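These notes are about the structure you will find just below.
Since every read-out is calculated from the coordinates, none of them should be taken as a lab result. Since we're looking at a predicted model, the values are computed, not measured. Cβ sites come from the backbone with ideal geometry, for glycine too, and all protein chains shown count toward neighbours.
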Amino acid sequence: MRRLTGDKVFINVGSHAAMPSLPGLAEAQPLTHIEAWTLDYAPSHLIILGASYVGLELGQAYRRFGSPVTVIETGQQIMSREDPDIVEAMHRILSEEGIQFVLSAEPFTVQGRSGEGVSLAVSTPVGAQTIEASDILIAIGRIPNTTGIGVDAAGVTLDARGYIRVDDRLETTAPDVRAIGECAGTPQFTHASLDDFRIIRDNLAGGARITADPLVPYCVFTERFGARAYQLPFLRVQLSGWQWLALAGDHHPTAGSRGGATISASPAELAGPLRGAEAAHGEREKRLGRREEG
Ligand SMILES: Cc1cc2nc3c(=O)[nH]c(=O)nc-3n(C[C@H](O)[C@H](O)[C@H](O)COP(=O)(O)OP(=O)(O)OC[C@H]3O[C@@H](n4cnc5c(N)ncnc54)[C@H](O)[C@@H]3O)c2cc1C
C-alpha cells in the first residue's frame with residue numbers, strides 16, 4: 001500500500017448510476033449509461049427505467065438507431081422537475097418519434113438477461129403489464145461514490161443520502177479537507193463541478209466565495225422532432241430559479257419569465273439575455289463581496 005500525505009485534501013470522486021432493488025434486476029445485468037455508450041448493436045427492443053435527462057437522451061438516440069424504445073417512469077410525467085409546457089412539448093416530440101411511455105408505473109420483477117431478452121413486470125394505474133424486450137437500461141438517478149473510501153476515518157462526515165457534508169465554502173467537517181462536485185451534493189452538471197473548483201481556488205487565494213444561490217443553466221440534449229428549418233435542439237435554461245429561456249418544438253423558440261410576457265428569439269438572441277444574467281449575477285457577487293473586481 002502507498003500512503004500519500006498533503007496539507008490540503010480535495011475529494012472529487014463523483015457518483016454512479018443508482019440501481020433499484022428489484023427482484024431479478026441484478027441477474028439481468030442491466031445497462032447503465034456507461035454500457036449504453038459502447039453497445040455495438042441496436043437493441044431489438046430497449047426498455048429504459050427513468051424518464052429524466054439521461055433516459056430521454058439515450059432513448060431518443062437508440063430510437064433513431066432503429067430500436068423500439070419503451071420508457072418506464074414511476075412519476076406521473078416525464079422530467080419531473082420541469083414546467084408542464086416543457087414536459088408536454090418533450091413528451092409529444094418523443095412520442096411522435098415512436099418512443100412508448102408507461103407513466104405512474106411501478107416495476108416489480110425482471111426476468112432474463114439484458115442483451116439476450118428480458119421481461120419486466122410493472123403495475124400501472126390500468127393494471128399489471130409485462131413488457132418483453134431485448135435489453136434494459138437503468139437511468140433513475142445517481143449515488144455518490146462515497147461508500148468504502150474511508151472518509152469517516154478522516155473525520156469527514158456524510159449526510160443521510162451519502163453526500164459529503166460541506167459548508168457553503170465546500171469545506172468538510174475535517175480541517176483542510178474540501179469536497180467538489182457531485183460527491184458534495186453540487187447540482188449534477190459539469191459546469192457546476194467546475195464552479196466548485198473556482199470557488200475553492202479563489203478562497204485559497206484569500207477570497208470569500210460561497211456556493212449559495214448559484215446560477216446554473218442547463219440543457220436537455222435531445223433533439224426536436226423531424227427535419228425542420230431550424231433544426232434546433234430542445235433547450236431549457238434556468239436562471240436563478242425564476243427566469244427561463246426555452247427552445248421547444250416550434251419554429252420560433254421563446255424566451256420569457258414565469259408569469260411574464262413571452263417573446264420570440266433566435267439562438268443568437270438568446271445569448272444576450274444569458275450574458276446579461278451572468279453579468280447581473282457577477283455584479284451581485286461583487287456587491288456581496290464574493291467576487292473580485294475585474
Ligand atoms: C449520462 C450522463 C450524461 C450527462 N450529461 C451532462 C451534460 O450534458 N451536461 C452536464 O453539464 N453534465 C452532464 N452530466 C453530469 C456530469 O457528467 C457530472 O455532473 C460531472 O461529471 C460531475 O463532476 P464531478 O467532478 O463531480 O465528478 P466526475 O466527473 O464523475 O469525476 C469523478 C472522478 O472520480 C473518480 N473516482 C471515483 N471514485 C474514486 C476513488 N475512490 N478514488 C479516486 N477516484 C475516484 C471517477 O472515476 C471519476 O473519474 C451527465 C452525466 C451522465 C451520467
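What fraction, in whole percent, of alpha-carbon pairs in segment 114-182 exceed 14 Å separation?
Details: 1641 of 2346 pairs.
Counting pairs separated by more than 14 Å, the tail of P(r) holds 70 percent.
Kirkwood hydrodynamic radius (Cα pairs, Å) of segment 19-140? Don't skip to the answer; put the middle values down first.
Numbers: mean 1/r = 0.0703 Å⁻¹.
For segment 19-140, inverting the mean 1/r across all distinct Cα pairs yields 14.2 Å.
Using modelled amide H (1.01 Å from N, peptide plane; none on Pro or chain starts), what sits under 5 Å from the amide H of Ile11, excluding residues fewer than 5 places away?
Residues meeting the amide H criterion: Arg178, Ala179, Ile180.
If Lys and Arg each add +1 and Asp and Glu each add -1, what is the summed charge of the other residues whose beta carbon sits under 14 Å from the beta carbon of Ile131?
Its environment carries a net charge of -4.
Would you please put 78-89, 123-134 in order of how densely packed they are, using the mean number of other Cβ atoms within 10 angstrom per residue and starting with the highest? List each step's numbers first, then the result.
Values: 78-89: 15.9, 123-134: 12.9.
Order by mean packing, descending: 78-89, 123-134.
Taking θ = phi - 60°, what integer Hz values does the Karplus form 6.51 cos²θ - 1.76 cosθ + 1.60 yield along segment 154-159, in sequence order, with x for Gly and Pro?
Once θ is set to phi - 60°, the couplings for segment 154-159 become 8, x, 9, 9, 10, 8 Hz.
Based on the mean of other beta carbon atoms within 10 Å per residue, what is the order of 136-148, 159-171, most packed first? All intermediate terms of the calculation are to be shown ahead of the outcome.
Details: 136-148: 18.8, 159-171: 15.5.
Going by the mean number of other Cβ atoms within 10 Å, highest first, we get 136-148, 159-171.
Can you give me the long-range amide H partners of Gly115? Hydrogens built in the peptide plane at 1.01 Å from N, cutoff under 5 Å, separation of 5 or more residues or another chain.
Asp135, Ile136
Which whole-Hz couplings ³J(HN,Hα) result when phi for each residue of segment 164-169 is put into the Karplus expression 6.51 cos²θ - 1.76 cosθ + 1.60, θ = phi - 60°, listed in order with x for Gly and Pro?
Along segment 164-169, the couplings run 5, 6, 10, 8, 6, 9 Hz.
For Ala174, which sequence-distant residues (separation of 5 or more, or a different chain) have an amide H within less than 5 Å of its own amide H, given hydrogens modelled in the peptide plane?
Thr157
What is the packing order of peptides 95-101, 66-72, taking the mean over residues of other C-beta atoms within 10 Å and listing the highest first?
With the highest mean Cβ count within 10 Å placed first, the list reads 66-72, 95-101.
With θ taken as phi - 60° and the coefficients 6.51, -1.76 and 1.60, list the Karplus ³J(HN,Hα) couplings across segment 17-22 in order, rounded to whole Hz; mark glycine and proline as x.
Here the 3J(HN,Hα) series is 5, 6, 10, x, 8, 10 Hz.
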